[in-house]
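The values are calculated or read from the model by the stated rules, or taken from the named source; none is laboratory data. Remember, it's a predicted structure, so these values are computed and weren't measured experimentally. For neighbour counting, all protein chains shown are included, and Cβ atoms are generated from backbone atoms with ideal geometry for every residue, glycine included.
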Amino acid sequence: MSDSREWTPQAIQAEIDALKHKPGALLPILHAIQDRFGFVPEGAVPIMAESLGQTRAEVHGVISFYHHFRTSPPGRHVLQVCRAEACQSVGARALEAHAKKRLGVDYHQTTADRDITLEAVYCLGNCACGPSIRVDDEIRGRITPEAFDDLVDELRTQPLEVIG
Amino acid sequence: MSVRVFVPRDTTALSLGADAVARRLEREAQQRGLELTLVRNGSRGLAWLEPLVEVETPAGRVAYGPVAPSDVPALLDTGLLEGSDNHPLAQGLTEAIPYLARQQRLTFARIGVTDPLSIVDYLAHDGFRGLEAALTREPQDIVEEVKASGLRGRGGAAFPTGIKWQTVLDTPADQKYIVCNADEGDSGTFADRLAMECDPYMLIEGMAIAGLAVGATQGYIYLRSEYPLAKQVLDAAIARAEAAGYLGDDLRGSGRTFHLEVRLGAGAYICGEETSLLESLEGKRGLVRFKPPLPAIEGLFGRPTVVNNVLSLAAVPFILAEGAEAYANHGMGRSRGTLALQLAGNVKRGGLIELAFGTTLRTLMEDFGGGTASGRALRAVQVGGPLCAYLPESQWDMPLDYETFAEVGAGVGHGGVVMFDDSVDMAEQARFSMEFCKVESCGKCTPCRIGSTRGVEVIDRIRANQNRDANLALLGELCETMEDGSLCAMGGMTPFPVQSALKHFPDDFQRAPEGDRS
C-alpha cells in the first residue's frame, strides 16, 4: 500500500475540515476518509467526534450501522458478490460458494496475500445480466465460476503488468 | 463524412465489456483509415443486447448486439458503418426492434438516444421544457398540474405525489427541502439507475420543478453507494446544469433559487425507507422514525420535506411540458401514466419496459422476456422487490396495477420482476427473505429485529423436518406478529414473500434441503 494511503491525525483533520460545514456532514466525512485511506481508522473517531461536537459513541454508532464502512484495512481489491434474488435465480448461490472456496476466505475476510477482500452485496442494479459482482468501482455481469477464476487471476497478476 | 457510432456506457453495458468494444472500434477504424465519431450514449434498456452498438444512417439508427470486442473486425468487414444487415448480430433499425417499439416511453424517451451529459442533446429532445413552463407558473398551479396527472409515488408506496407536494406547500417554514430517494435497493430493479446514468438532467429538472412548486431551495439526491457510476454522472450533470443556469441562485434569470447535491448512502437497505433515509442524510444511524409527524411537515432537519422516488420526480418534466392530461391518458383505474417495469433474474431478454398500467406478467415474461434464460420452465416470479410476494402461474394474468395486485396480497412496488425457473427451491427463497431482513433491519422495533432471526431458525427447522406442523403454525404466528407489529415495511412486509412461498409452493417445504430434485 502506498504512503499516501497511510493515515495521520492531520490528514484525517483535513478531510473533516473540508466537509464539516455541510449539514449532516458525518456520512460525507466517513466516505471521504474511507475513499482516501481504504478504511475508517479507530483513531479517526475521537477527531471526528471533537470536530462535529458529537460523542465518540455517536460516531462509532454511525460507523457500525452501515455495511459500507470498515474499520480495518482491506486488501488491494474489494470484491463484492451479489447475494440478492435476481442473481440467485441465475446461480449466485453457486457463485458465492465458488468464490469463498477459490479465495479460501469467508465474507468480510481478506486473502492471506492481502490481494482480495471478499464482501457480500445486496443488489448492484445489474439484475437482467447476473450473477453480478463488483470489483472496486467496476461492476461485472454474467459471472460464471470460470469467469470468476479468470478475474481473480487478472487481479492477482495486475502489479506485474508493467511489461504488457 | 464521419459516421456516428454509439457505444453505451451505463453500468450494464460496461459490466459486459462496452469499454473494450469502444476501444476496439476506434483502433480498427484507425487501422483501416475509416472515419467514425464515437458517442458514448446511455443504454436503451435492452439489457440482453448489451453492449448494443448503434450506427447513424440516413434511415435512422441501426443496432448490433450483443457485441464482443472480437466481433468488431467482422462487423466492419460486413458494412457496420453503412448500417448493413449482413451480420448475425444485426438487429435492424433500433426503433423498430419489437421490444422497444411496443413500449410507451414517456419517462424513458431519451435514454440511450442521447449523450447523458450533453445539455445540447437534452434540449434537442424536449429537455427543460417542463422547467421553463414551471418558471412562468404559480406554485399552486404546478401542484395542481401534478395532482391532475394522477402521478403516484413510484418507489412502491404509490402515494399521490401532488397531495404530498400540497402538504409541503401549505406548511410554512424558513427552509424546505426536496429529497430524492435514489436508494434503489430492491433486487430486480434498475430503472432509477438507468434514469440517473442515462438521462440525469431529467431528474435534475424534476427536482427543480418540485422546488419551485413547494418553495424549497435545497435538494438532495440520496444515492446508494452501490451505484458508483450514477454518482459520477450526477455530479458532472449537476455542475453543468449550474453552469448553464438550470440550477443555482438564479434559475434561468428568474431570480428563483434551487441548489442540488448528491449524498451517498453506505450500504444500508433500510435507508430506502423515507424516514430512515432522512436520519441518514442528517448524518445519523438510519433508524426508522415514528410517523406522524409526516416528513412533509417535519422532515429533513425538522423542516417540511418532499421525499420522492427518482421515477416520481423524473415523470414531472413530462407532466409540466405536455400537460397532466397527456400523462393521465395512459393507465387504468387509479393507476395513471406509465410504469417502468424491469424484467430481471432468469430471463432470456431482460431489460427496461415502460408501459401504461394494465399489462400482464405473462405478456411481460413471455412476449417481451422470451421465457427463462436457462430454457427451463418458469416457476415463480417475485414482483416489487424482496418485500413482495412470489407469484405462481395462476396469478400471471392479472392486470398490473396497484389495486389489482393489492387485492391478492401482492405488490407492484418499484416495478421489478424477478423470474425463477423450476430449479428454484421456494423454501430456500423464504428463508432468504427472513435472512435479508435480519441483515438489514435497523433494529429499532422488536418484531423486525428479533422476528427475522427467529424466522430463519423456524424455517430451518421446518426444512429439517423437526416438529413440522408445530413449526409451520409458529411461522404463521411469527409472520402475523411482524406484519402487525413492525414500525415500517421492512419487518411489516418481509412476511409477504414468506407466506406466498408457503401458500403457493407448499411442496418445497416438504422435503429436506439437500433433496434429490432434478
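Quick rundown of the values:
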| quantity | calculated |
| --- | --- |
| Some residue of segment A:118-135 being away from chain B (no Cβ under 14 Å) and in a strand (DSSP E or B) | yes |
| Tally, over segment B:480-495, of residues that are touching a residue at least 24 places away in the same chain (Cβ under 8 Å), in contact with a Phe, Trp or Tyr (Cβ under 9 Å, 6 or more places away or on another chain) and surrounded by fewer than 24 Cβ atoms within 10 Å (Cβ to Cβ) | 1 |
| So residue A:83, is it among the basic types (Lys, Arg), more than 14 Å from chain B (Cβ to nearest Cβ) and touching a helix residue (DSSP H, G or I) at 6+ places or on another chain (Cβ under 9 Å) | no |
| Hey, residue B:459 without any contact (Cβ under 8 Å) to a residue 24 or more places away in the chain, farther than 15 Å from residue B:387 by Cα and out of contact with any Ser or Thr (no Cβ under 8 Å at 6 or more places or on another chain) or not | no |
| Qualifying residue in segment B:231-241 (condition: without any contact (Cβ under 8 Å) to a residue 60 or more places away in the chain, in contact with a His (Cβ under 7 Å, 6 or more places away or on another chain) and outside any loop (DSSP other than H, G, I, E, B)) | no |
| Condition met for residue B:45 (on the phi > 0 side of the Ramachandran plot, within 14 Å of chain A (Cβ to nearest Cβ) and not basic (Lys, Arg)) | yes |
| Flag if residue B:341 is surrounded by 17 or more Cβ atoms within 10 Å (Cβ to Cβ), modelled with pLDDT of 95 or more, under 19 Å from residue B:153 (Cβ atoms) and under 18 Å from the mean Cα position of the chain (by Cα) | yes |
| Exclusive hit being at positive phi and either of a type outside the set (Lys, Arg) or surrounded by 23 or more Cβ atoms within 10 Å (Cβ to Cβ) (or both), set A:75, A:91, A:61 | A:91 |
| Inter-residue pairs, beta-carbon under 6 Å, first modelled with pLDDT of 95 or more and in segment B:130-145, second in a loop (DSSP other than H, G, I, E, B), 6+ apart | B:135/B:254 |
| Residue ranges of helices (runs of 4 or more DSSP H) in segment A:1-113 with at least 2 members among the charged types (D, E, K, R) | A:9-19, A:26-37, A:56-65, A:92-103 |
| Yes/no for residue B:203 being buried (at least 24 other Cβ atoms within 10 Å of the Cβ), aliphatic (A, V, I, L, M) and over 20 Å from residue B:245 (Cα atoms) | no |
| Qualifying positions in segment B:37-61 - in contact with a strand residue (DSSP E or B) (Cβ under 7 Å, 6 or more places away or on another chain) and among the hydroxyl-bearing types (Ser, Thr, Tyr) | B:37 |
| Test result for residue A:90, within 14 Å of chain B (Cβ to nearest Cβ) and either touching a strand residue (DSSP E or B) at 6+ places or on another chain (Cβ under 6 Å) or within 30 Å of residue B:287 (Cα to Cα) (or both) | no |
